[in-house]
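Read the structure below first, then the notes.
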Amino acid sequence: QFFVFCHGLLQLSQLLVSGYLKSSISTIERRYGLSSRTSGLLASFNEVGNTLLIVFISYFGSRVHRPRFIGTGAILVSLAGFLMSLPHFITGRYEFDQSVASTLSNITDLCQPRPWANLSDANCTPRASRENHEVLLVMFIAQVLLGIGGVPIQPFGISYIDDFASERNSPLYLGILFSVTVIGPGVAFMLGSAMLQFYVDIDKVSGAEVQLTHEDPRWVGAWWLGFLVAASLVALSAVPYFFFPREMPKEVGEVLQVDLFALLLSGFPLVLLRNLRHPVYLLVVLAQVNISAMVAGLATFMGKFLERQFSLTASFANMIIGAVNIPGAMVGIVVGGAILKRFQMSLRQCSAMCVLGMFLCLLVAFPLLFLGCPTQKVAGITYSDRYPQLQPGWARAGHSQGCGHTPIQLHSSGGCNCPEQAYNPICGSNSIEYISPCSAGCRAVNIQKDTSSVLNYTNCSCISENGGFAIPGTCNTGCFHLFLPFVVLSCLAGILASTSHTPSFMLILRSIQPEDKSFAVGIQFMLLRVLAWMPGPILYGSAIDTTCILWEKRCDRKAACRYYDNTLFRQR
């Protein structure tokens, strides 16, 4: 029972490291100008190190000192967490477009009759370009380490517990372990919610210099701080494993010492084939692959989805996922394990329970296709005063009518020469969004004296002929009332789907030969990694990128997406 407690704690803190990346993915995209496809690749890259080793390490599961292997893996995971935060310390301050000259910026994006220097070129030094490559390199290396360190943790832990627990208690212990495993990402999203409320350069600039609020689309939170917290927790959790015995007293029989290499050559292919040819094992693993691919993609981009659909801050979106969706899945896993223990289910009943859970989940989740917001009206991107019926995506063709400049080309907006790359969204009194004060033709700005923050922009010739006004920040998508039904239905769907988690594991553990248990769980996790956890976030990220209607440009390369077609984003 103490091992179950320690293992729960370790898995929780290990998932805190990998889950925290998912909670801060939209922030990292904005900070370093990444597309969703790149961030999806980054999120799934820890599976690379994992996949290369998991089958071999699991194969030797019952033949090595499992607790010490788990402890060593945990130390590597901790190191990976510290590495993930390193890019913050090796890069300069975060820079963004401003209307007010300050210590951070000496350029303004108000309407000016004189021509502009190109903003993107001003920031495009060889150093800036090199920095971006260094950041990605460090993060990808950290992700590989995270994967390698995670290899022994779950398969060895599961097989160690299943070996030394009674057959009646094993489902309950595994149910507890899985539920704790699900808390990990939940706590990670809550940690993300807390950390992203601090400004990214909290250690480099004073509070007075920060002129952005959390609601500002240019806001970047302290994404790196959570990695330091999570990595420290993993290091602490690793300590007890170096003191557990190789085997528990309950085990009967000797553990054989054999030459590993000879064993590898003689037994490995046979055991692999024996498991892969087992119909129950193969079908259950393929079913798990399908649901895991969906979970992997959703876990990575659900926060971003909520931010864009319902105009939420990254911090609030993380809080909802961490406090509602993930605990819902945890409840489902515990309920599934409890039903299994209460009714002592046969394998056939286990599979029926899995099918029922999935079917009900589909019914509840179907309405989510329709619960969301339309894309906000953005002048020159999704809306034109001359052609108000234009659909998102028209700006890609390079059209440019009336006020609101299209970023495709540099041109005069209401007599203003606007910079091509300015991004400082404002919401006009006409409820139309403009990507910068210049594109709305605003010539004046009102500043709050004590904080130097912008109150509003005035004398905006594109908003009204008499000179309208605008407030900083985006115009909300305006359908927040759909947010509550969306959260309730998505949480319910998660509860129903996750009731099948423990029964599907029991189908695997009870249908294969006892000596193959460690190995079978290892193959299962390898297949999940290769077919689900690796491609899942990349597929989701690529699909999300196809719905982008305005890309940021950095050094002539496509960086992060600024506006999405919300309806396409939701459906895809």
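A DSSP coil position with no more than 13 other Cβ atoms inside 10 Å describes the following trypsin sites (Lys or Arg not before Pro) in segment 269-340: 277.
Each principal axis of the Cα cloud of segment 274-343 was taken in turn, and the coordinate range along them, longest first, works out to 50, 30, 14 Å.
Surface composition of segment 411-489: carbon plus sulfur atoms contribute 54% of the solvent-accessible area (1.4 Å probe, protein chains only, all chains present). Computed with a 1.4 Å probe over protein heavy atoms only, the accessible surface of segment 41-90 comes to 34 Å² per residue. Taking 0.36 nm per residue of separation and subtracting the Cα-Cα distance, full extension of the segment from residue 72 to residue 138 would add 21.6 nm. Partner aspartates and glutamates whose Cα lies under 18 Å from the Cα of residue 558, excluding those fewer than 8 positions away in the same chain, are identified as 29, 95, 97, 121, 131, 134, 420, 545. Along Cα→Cβ, 7 Å out, is where each label goes; now give me the distance between the ones at residue 464 and residue 515 in nm to one decimal. In this crude label model, residue 464 to residue 515 measures out at 8.5 nm. Summing Lys and Arg as +1 and Asp and Glu as -1 over all other residues whose Cβ lies under 11 Å from the Cβ of residue 304 gives a net charge of +1.
Taking segment 479-517 and a reference point 7 angstrom along Cα→Cβ of residue 63, the backbone N atoms nearer than 18 Å belong to 513-517.
You can think of it this way: the chain between residue 248 and residue 215 has 6.5 nm of extra reach, that is 0.36 nm per residue less the Cα-Cα gap.
The aspartates and glutamates whose alpha-carbon is closer than 17 Å to the alpha-carbon of residue 517, local same-chain residues fewer than 8 away aside, are 162, 163, 167, 247, 251. With R₀ set to 56 Å, the beta-carbon distance separating residue 360 from residue 449 gives a calculated FRET efficiency near 0.45. Between residue 368 and residue 48, the modelled labels are 2.9 nm apart [label points 7 Å from Cα along Cα→Cβ]. Using the Cα gyration tensor of segment 189-229, with a ≥ b ≥ c the square roots of its eigenvalues, what is the shape: rounded (a/c below 1.5), prolate (a/b larger than b/c) or oblate (neither)? In terms of gyration-tensor shape, oblate. Amide hydrogen proximity for residue 447: with H placed 1.01 Å from N in the peptide plane, the residues at 5 or more positions away or on another chain lying under 5 Å are 455. Taking 7 Å steps out from each Cα toward its Cβ at residue 324 and residue 429 produces label points 3.6 nm apart.
The values are calculated or read from the model by the stated rules, or taken from the named source; none is laboratory data. Since we're looking at a predicted model, the values are computed, not measured. Note that each Cβ is placed from the backbone with ideal geometry, even for glycine, and that neighbours are counted across all protein chains shown. Side chains are part of the model used for accessible areas, which takes the heavy atoms of the whole protein and leaves out ligands, DNA and RNA. Shrake-Rupley method; radii C 1.70, N 1.55, O 1.52, S 1.80 Å.
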